[in-house]
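This report refers to the structure that appears directly beneath it.
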Amino acid sequence: MKDKCVFTVCARNYLAQALTLRESFIRNNHSIDFFIFIADTFEGVQEDPFIIKLDDSWLPGWKAMAFKYNVIEFSTSIKPFCIHYLFKTYNNVVYLDPDIYVIKDLTYIFDKLKLKDIFITPHYLTIEENYTGAVTEEEILFVGIYNLGFLGIRNSEIGNKVVSWWMNRLRDKCYADKFDGLHVDQKWFDFIPAYFPNNVEISHHVGINTAIWNLHERTLLEDSGQYFVINNRTGEKMDLLFFHFSGFNPRNPAVINRRHPRYNIDTFPSFKNIFDEYADAVFAHNYLQYTEMPYGFNWFSNFERIIPFQRRIFRVLEAEMNIEDPFESTGAFYRLLRSNKFLTHDRVKKIGSSDPNVLTSNSSGIRLGKMFLKFLKFALPLRHYNNILVFFSEYYRAEKSVFLIKKEN
């Protein structure tokens, strides 16, 4: 058995970030193996013994998972399966999100794994009566207390027990779904410190997993080309081990996170150099080429578009239909959709890569919906309007539309 390795998971459109991560990691950790698992088709990906493609040998039934999940859900769902695969060779495994940039060696983390089976980081560390963070407390309650963009796990009895449990959950329950209280792979780990209180390292090292959700409690310093992080509450100074560029657009390196534009180099001027350095590195790894690559699981085998509605219908019918390949346009699931007029008839050869199909407050769909509700409120008595809202609250999910499916004999 080898001692340690690190891995990430990404779709093809995120390969520039993954390759940047790999380069930054190897530069600071010369003797540790680093793997990239591709949660996508493999076309356009260079063959490399450390770039792993999907295969039934280590991820049985992966096509069903790729169909029922969107790109984010699928990429996160395979994480424990990757760890299980790596546990065949390595004693200690660390996962890093592809948009992480490693600054120093990770000896501190691997040393902790000699003492603990699991190493995790909370989104932030400091209790505040009047909260000042960028990501709301309500959102953290939904997505999970711990950020699973980083995870360290030891190939031990406890580590294997956690991985087996996690694989079981994520095969069917890795949705980003507020109705079910699920947030992909991450929310599940809220259980782990309760299950194994003596085996989990909940890190308060402010130089680990520094990101948009904890910048309010940390200050970055650069001294002679070295990066350090100050704990704003205690004043403690620690090495920056890695920065998590979640939501970062390398085309606009002045903004830390595209969803929070007010957090930028004007408010955090000490971050400018590392942002520019990371953006340059991502572009050097063919960002413009990779970011345009379509997600290979967004269409059936005949290139007809798959929409989230169909994925959620498959979620309901998967067990009873026992479908081997839901992407196959000559298969049973496609025929069922066709006979029930649940196809888009939109054949395309290239589509966008990571569209979870979420409506925003400014989208035309929302505006039309509001106009429709105004009409109903005007045309109907209030009690009938209320009943319609109650119906929508129960049947707004695609899964509820399965009653419209007339199954084949």
Condition broken by S24, with the remaining ones in (1) part of a loop (DSSP other than H, G, I, E, B); (2) hydroxyl-bearing (S, T, Y); (3) at pLDDT 95 or above satisfied:
(1)
In region 182-209, what residues are farther than 23 Å from F242 by Cβ and among the polar types (S, T, N, Q)?
N198, N199
So, restricting to helices (runs of 4 or more DSSP H) that lie completely within region 30-87, which ones have at least 1 residues that are farther than 28 Å from R312 by Cβ and touching a strand residue (DSSP E or B) at 6+ places or on another chain (Cβ under 7 Å)?
79-86
Give the residue, chosen from D190, D185, that is in a helix (DSSP H, G or I) and of a type in the set (D, E, K, R).
D190
All but one of (1) under 19 Å from the mean Cα position of the chain (by Cα); (2) buried (at least 22 other Cβ atoms within 10 Å of the Cβ) hold for I145; which doesn't?
(2)
Every listed condition ((1) at pLDDT 95 or above; (2) closer than 17 Å to Y124 by Cβ; (3) of a type outside the set (S, T, Y)) holds for I212 save (1)
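Listed here are the residues, each with its yes/no results for (1) assigned to a helix (DSSP H, G or I); (2) in contact with a helix residue (DSSP H, G or I) (Cβ under 6 Å, 6 or more places away or on another chain); (3) buried (at least 18 other Cβ atoms within 10 Å of the Cβ); (4) hydrophobic (A, V, I, L, M, F, W, C).
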site	(1), (2), (3), (4)
N198	no, no, no, no
L215	yes, no, yes, yes
L221	no, no, no, yes
P253	no, yes, yes, no
R259	no, no, no, no
Lone unmet requirement of (1) surrounded by fewer than 22 Cβ atoms within 10 Å (Cβ to Cβ); (2) in a helix (DSSP H, G or I) for T132
(2)
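The values are calculated or read from the model by the stated rules, or taken from the named source; none is laboratory data. As the structure is a computational prediction, the values presented were derived from the model and not from experiment. Cβ coordinates were reconstructed from backbone atoms using ideal geometry, including for glycine residues, and neighbour counts include every protein chain displayed.
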